[in-house]
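> Dropping the structure in here first, questions after.
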Amino acid sequence: NRRLPVNMPNMETISYDEFKKLDARIGTIRFVEPVEGSEKLLRCLVEFTPELKTEDYTDTAGVVYPVRQIVSGIRPYFPEFETLVGRQVLYVVNPEPRSIMGITSHGMILAVGDDAPTLLVPETPVASGSKIR
């Protein structure tokens, strides 16, 4: 029998119905480049599902991926940002689109840590677009 803490200082709660609105999915990074004029931002093209795409991306082998453009402030922590290509990471895909330095971002990467971010990744590979549950 678990008891919830009576006092939860500085914690705003949300209803379960509000939580269900969050659409968090695993995305596979297909392309990444620095945002011109920024030391912090990377523009990523991330594969989820065809229904979530903002554009198509064709890689150097000619493979076409349905991708979603997402801008993230993680460049200082990934100086060799090219190594992110092919990695699967957890994203929120349903925040309102946001213009960042003139580039529209259609999602938000999720990470943890007070200093350098640790990306949230699946333990084993999953299908692009897999939802959290």
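The values are calculated or read from the model by the stated rules, or taken from the named source; none is laboratory data. These numbers come from a predicted model, not from an experiment. Note: accessible area is taken over every heavy atom of the protein model, side chains too, but ligands, DNA and RNA are not part of it. Shrake-Rupley method; radii C 1.70, N 1.55, O 1.52, S 1.80 Å.
> Quick check: from the Cα gyration tensor, does the range 73-133 come out rounded (a/c under 1.5), prolate or oblate?
Here the range 73-133 falls in the oblate category.
> Select from VAL71, VAL93, VAL112 the residue whose mean-square fluctuation is largest in a Gaussian network model of the chain (Cα-Cα springs shorter than 10 Å).
Result for the chain, Cα springs under 10 Å: VAL112 fluctuates most.
> Which of THR83, THR13, THR28 moves the most in a Gaussian network model of the chain with Cα springs under 10 Å?
Evaluated over the chain, the most mobile residue of the options is THR13.
> Now for a separate question. Which lysines, if any, have their Cα less than 27 Å from the Cα of LYS20, not counting same-chain residues under 8 positions apart?
List returned: LYS53, LYS131.
> Follow-up. Tell me what the chain gives for mean residue ellipticity at 222 nm when only DSSP H runs of n ≥ 4 count, each as -39,500 (n - 2.57), the sum divided by the residue total, rounded to 500 deg cm²/dmol. Before the final figure, lay out each step's value.
Numbers: 1 runs with 5 residues, N = 133.
Mean residue ellipticity, 222 nm, calculated: -500 deg cm²/dmol.
> To make sure I understand the rule: partners must be aspartates and glutamates, Cα under 19 Å from the Cα of LYS21, and not fewer than 8 residues away in the same chain. Which ones qualify?
Answer for LYS21, where 19 Å is the Cα cut-off: GLU12, GLU51, GLU96, listed by chain and number.
> Continuing with the same structure: Please give the per residue accessible area of the range 30-133, computed with a probe of 1.4 Å over protein heavy atoms only, in Å².
Numbers: 6350 Å² over 104 residues.
With the other protein chains kept in place, the range 30-133 gives 61 Å² per residue.
> Given springs between every Cα pair under 10 Å in a Gaussian network model of the chain, which of GLU82, GLU36, GLU18 has the largest fluctuation?
GLU18
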